[in-house]
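Following: one structure in structure tokens, then a few remarks.
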Amino acid sequence: MKITFPHFNVVNRIMLYFILFSTSLLFSQDIDTLVNTSSIPLNVTKNDSLIIIINRDTLKGIKVTHSLSSDLLFENWNDTKFNPYKDQYKSYPFYLKFTDSSYASPIQGKKVITSRYGWRKGRPHLGIDIDLVTGDQVMSMFDGVVRFVRYSSGHGKTIVIRHPNGLETAYAHLSKYKVKVNDTVQKGQIIGIGGTTGNARGSHLHLITSYKGDYINPEYLFDFGKENKLKKQNFWITKRWTKAHFHSSTKQSKFTYYNSYKEALSVQKKQSKRKVHVVKRGDTLSEISRKYKISLIKLCKTNAISIHSILKIGKQLIIY
Ligand SMILES: [Zn+2]
């Protein structure tokens, strides 16, 4: 069977969906021809329906199972950029919905969080660190498609998985990859092996959750206890959730959930902006604390730094 795209230019914003319901004929002989542009091995049963999603940038057919169909799955698809949504206009609050009420643990055994999402030593820490031993398996938290498999000096070996609701989970400092770009993965599937690659002091998993390029505090979405439960299935996410300087890497943020856009918007309007001081040559912590009339201890606590920290020029300190 040959697929042609006569209206492709007209539909230049949206991905094309071809919903092909299974018939015994289809699955007995034509399926391999249909998905011959796909790099993913075919793994469907006779009762599955199949959706072929055509990426409009590359026209490369990527096959996913019916349960993974969604408008968000291949939006801004890019396998070379960690964040393909950079510089895009975003409006807040936004809505994030999950069909699952639980996630698959990204590691085996107890999840010990050694550093949280938030401000850390004058810089944003945009994920959480979960303790592991090099060689431990790392699993995908949900069904999804592998968008990015790459090394960078900061994150080391990193895998990003896009899930059907638009959420991305990223797994950094890995020692080995077990998947490649465009692979479909199942919830709980082993995707890599943990390690210390990139800028990691000891072996751990740096786990990032993001939606359309906005980093979200993973602890707002997930309970990292034994049960692997989501905090909720429907989230209204305000700007505060996505900005590291509203959080501290050393203590858990307070959770507030909103039931509607209206409620989230009204709270967001009241949330004050943070005051930030950019370190200049000659600045000292005690001078900064005097300048803004806050205690030295509070300044250090807010910024998760020690009183004896050396201030680097250009670093940002949160004042309140
Ligand atoms: Zn980290």
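At a glance:
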{"read-out": "Near pairs, Cβ below 8 angstrom, 6+ apart or cross-chain, from the stretch 294-315 (in the same structural domain as T284 (by TED's automatic domain parsing) and assigned to a loop (DSSP other than H, G, I, E, B)) to any residue that is among the aromatic types (F, W, Y) and modelled with pLDDT under 85", "value": "I294/Y320"}
{"read-out": "Selection status of V181, assigned to a strand (DSSP E or B) and in contact with an Asp or Glu (Cβ under 8 Å, 6 or more places away or on another chain)", "value": "no"}
{"read-out": "Scope the stretch 179-211; condition charged (D, E, K, R) and more than 13 Å from the ligand (Cβ to nearest atom); matching residues", "value": "K180, D183, K187"}
{"read-out": "In the stretch 84-109, the residues that are within 19 Å of V149 (Cα to Cα) and either away from the ligand (no atom under 16 Å from the Cβ) or of a type in the set (K, R) (or both)", "value": "P84, Y85, K86"}
{"read-out": "Among (1) in the same structural domain as N217 (by TED's automatic domain parsing); (2) more than 16 Å from the ligand (Cβ to nearest atom); (3) basic (K, R); (4) in contact (Cβ under 8 Å) with a residue 40 or more places away in the chain, the one test that K176 misses", "value": "(4)"}
{"read-out": "Positions within the stretch 147-162 being away from the ligand (no atom under 16 Å from the Cβ) and in contact (Cβ under 8 Å) with a residue 60 or more places away in the chain, in sequence order", "value": "R147, F148, V149, R150, R162"}
{"read-out": "Filtered residue count, the stretch 243-261, keeping only those that are loosely packed, with under 14 Cβ neighbours inside 10 Å and either assigned to a helix (DSSP H, G or I) or not assigned by TED's automatic domain parsing to the domain that holds F222 (or both)", "value": "1"}
{"read-out": "Test: Y171 is farther than 14 Å from H204 by Cα and aromatic (F, W, Y)", "value": "no"}
{"read-out": "Residue check, G166 buried (at least 16 other Cβ atoms within 10 Å of the Cβ), away from the ligand (no atom under 12 Å from the Cβ) and under 29 Å from Y261 (Cα atoms)", "value": "yes"}
{"read-out": "Residue within the stretch 224-239 that is within 16 Å of the ligand (Cβ to nearest atom), in contact (Cβ under 8 Å) with a residue 12 or more places away in the chain and in contact with a strand residue (DSSP E or B) (Cβ under 7 Å, 6 or more places away or on another chain) present", "value": "yes"}
{"read-out": "Which listed residue is surrounded by 21 or more Cβ atoms within 10 Å (Cβ to Cβ) and either away from the ligand (no atom under 16 Å from the Cβ) or among the hydrophobic types (A, V, I, L, M, F, W, C) (or both), from V133, V138, V112", "value": "V138"}
{"read-out": "Candidate set from the stretch 262-298 (those that are under 20 Å from R240 (Cα atoms) and among the hydrophobic types (A, V, I, L, M, F, W, C)); member that is surrounded by the fewest Cβ atoms within 10 Å (Cβ to Cβ)", "value": "V276"}
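The values are calculated or read from the model by the stated rules, or taken from the named source; none is laboratory data. No experiment lies behind these values; they were computed from the predicted model shown. Every residue, glycine as well, gets a Cβ built from its backbone with ideal geometry; the counts of neighbours run over all protein chains shown.
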